[in-house]
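Report on the structure given below.
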Amino acid sequence: MKKKVCLLVIMVLTVLSLMGCGAKKETLVTLVNGSTKIELTEKDFDSMKFEQEVTEANLKKTCMFGGVKLSDLMAKAKASNCSKIKVIAKDKMTVEIKAEDAKKYPIMLAKTQNGEKIPSGEGGPVKLIYPYNQYPEVKELYKPSQWSWFVVTVEFVK
């Protein structure tokens, strides 16, 4: 009887693993608004998809970037009254953006370039993109050194 139960358990576990049951969603970016945290996955990014062509400031190549505007992330986190946004990279590098600039300009977190995932060697999986091509004045507000690679957290500060 024990052998049958063990065999049944092994079969059930095998079927569940093949079906992807229990598979953890991979968090791309965590939004922080006070004590509220929202973990965003690729699916979340896709539901708020925004695209724009930008010449990458450090690599000097023009790409069609796809991702999410910071203003849409503000809405998602219910942080429309924040004064600044901290974009934090995996290595803890932090870039601060005025909330009013995020509302005025389509500053974004990108997860794709030219329809493909951004490779880690070019700042992926998620990087901060400023719309220099469409709004040259943004380059005076946020220098190329303020482009952020490997973004993991976006914090909304009052």
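The values are calculated or read from the model by the stated rules, or taken from the named source; none is laboratory data. Just so we're clear, the structure is a prediction, and the values are computed from it rather than from any experiment. Positions of Cβ are backbone-derived with ideal geometry, glycine not excepted, and every protein chain shown enters the neighbour counts. Quick note on the areas: whole protein, heavy atoms, side chains included, nothing else; ligands and nucleic acids left out. Shrake-Rupley method; radii C 1.70, N 1.55, O 1.52, S 1.80 Å.
Mind checking which residues of the range 65-112 are out of contact with any strand residue (DSSP E or B) (no Cβ under 7 Å at 6 or more places or on another chain), over 20 Å from W149 (Cα atoms) and assigned to a loop (DSSP other than H, G, I, E, B)? Selection gives S80, N81. Within the range 57-80, none of the residues are at pLDDT below 90, among the acidic types (D, E) and surrounded by 12 or more Cβ atoms within 10 Å (Cβ to Cβ). Restricting attention to the range 35-49, the residues that are part of a loop (DSSP other than H, G, I, E, B) and either under 11 Å from T153 (Cβ atoms) or in contact (Cβ under 8 Å) with a residue 40 or more places away in the chain (or both) total 0. Going residue by residue through the range 40-51, is there one that turns out to be farther than 23 Å from K104 by Cα and open to solvent by 20 Å² or more (accessible area, probe 1.4 Å)? So far as the range 40-51 goes, yes, one or more of its residues are farther than 23 Å from K104 by Cα and open to solvent by 20 Å² or more (accessible area, probe 1.4 Å). Taking the stated definitions as given, is G115 open to solvent by less than 10 Å² (accessible area, probe 1.4 Å), of a type in the set (G, A, S) and within 19 Å of E42 (Cα to Cα)? So G115 does not fit the description; no. Evaluated against (1) in contact (Cβ under 8 Å) with a residue 24 or more places away in the chain; (2) polar (S, T, N, Q); (3) on the phi < 0 side of the Ramachandran plot, S80 falls short on exactly one condition, (1).
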